[in-house]
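The structure under discussion appears below in the form of structure tokens.
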């Protein structure tokens, strides 16, 4: 058993089928889906409207079932199949907005058909082919949609920007619902949704092109700036590399000079060390001489101090001796004069002799004192010299 297919394309909306033209009905069945309907027309009258059912052969075959349903003696037996689910219809339009700019696009109408409105399709099939497609319905309603809906709505737009506003969409839907009700009702359709889709206008294309050019220009500027930044970075890197290479070359040259200077400095330092050693040696010798001279001078000074001390002690001893002797002489002379006076022998001659002896003794004491005050001589090295020496016993310097 095979299925009879009344709809072989998704664009098929409805089809009117003459039952007499269906061959081998006894071996065929018809499946009606939930969004499909079938209205029976018997001798010009509308019979039952079926949906969501399986029409198949029963006792006596499908022909007998049709006879039972439509009448065995009926002369006109037809089946009207239709789609009751929602379908979208795209209607192209071209119009003009208030500023004279052209607008093109498509008006989308979403239509559906209820079961009770399926027989209204007979208004269409009365003067047209027995198959109604999506394109056929668009041809029927396109002119009225453009004239009653699209043109007035476009005229109310002052500029292309108004075409993109929600108010324009609402206006189109409300206008379509009110202006297309009669036509769609006669055909059995109900309007569910209506909205226009407008292509970019010329000015919008110009603005788009301008935006594209500006974006391209901005991109080119960014690329140029990036390239310039790359060149600047490359230049900076090159200059830095050249500077580093120059610094390295200078460092090598400076290092070579430093090595040479260090070599010369080592030689100079070696010479300085040699000279310093010689100078230290000479200084040591000189210090030794000076120390030796200082020692001699100190020794001479010590000797001179010792001599001076001995001389002072000798002079003091001599002075004490002379004083004692003078006192003894004075005492002796005093006693002698007293004795002479006591004995009556103190005559002018005795007194005169006494004074003469006293004067002579003072003269002797004065000569001894002068000889004792003579200062001793010293050599340049500090050695004390005695009268009668012809040379210094320490350094051998001749004595004048």
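Taken together, the values in this text are just the output of simple stated rules run on the coordinates, not laboratory data. The structure displayed is predicted, hence computed values, not measured ones. Glycine gets a Cβ as well: all are built from the backbone with ideal geometry, and neighbour counts include every protein chain shown.
Here is how the numbers come out for the structure above:
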read-out: Relative packing of 6-19, 330-343, which averages over residues the other C-beta atoms within 10 Å, highest first; value: 6-19, 330-343
read-out: Segment residue 151-residue 347, extension gain: residue separation times 0.36 nm, minus the distance between their alpha carbons; value: 51.0 nm
read-out: Anisotropy class of the stretch 87-199 from Cα gyration tensor, a/c 1.5 cut; value: prolate
read-out: Segments 133-143, 270-280 sorted - mean Cβ within 10 Å per residue, highest first; value: 133-143, 270-280
read-out: Calculated FRET value between residue 320 and residue 294, using beta carbons and R₀ = 45 Å, to 0.05; value: 0.75
read-out: Rounded FRET efficiency, nearest 0.05, which uses the C-beta distance separating residue 270 from residue 240 and R0 of 45 Å; value: 0.55
read-out: Estimated inter-spin distance, residue 195 and residue 306, nm [label 7 Å along Cα→Cβ]; value: 14.1 nm
read-out: Calculated FRET efficiency for the pair residue 233/residue 213, C-beta based, R₀ 25 Å, to 0.05; value: 0.25
read-out: Extension gain (nm, one decimal) between residue 339 and residue 282, 0.36 nm per residue minus Cα-Cα; value: 12.4 nm
read-out: Distance (nanometres) between label positions extended 7 Å along Cα→Cβ at residue 8 and residue 328; value: 19.3 nm
read-out: Per-peptide average of other Cβ atoms within 10 Å, ordering 37-43, 155-161 highest first; value: 37-43, 155-161
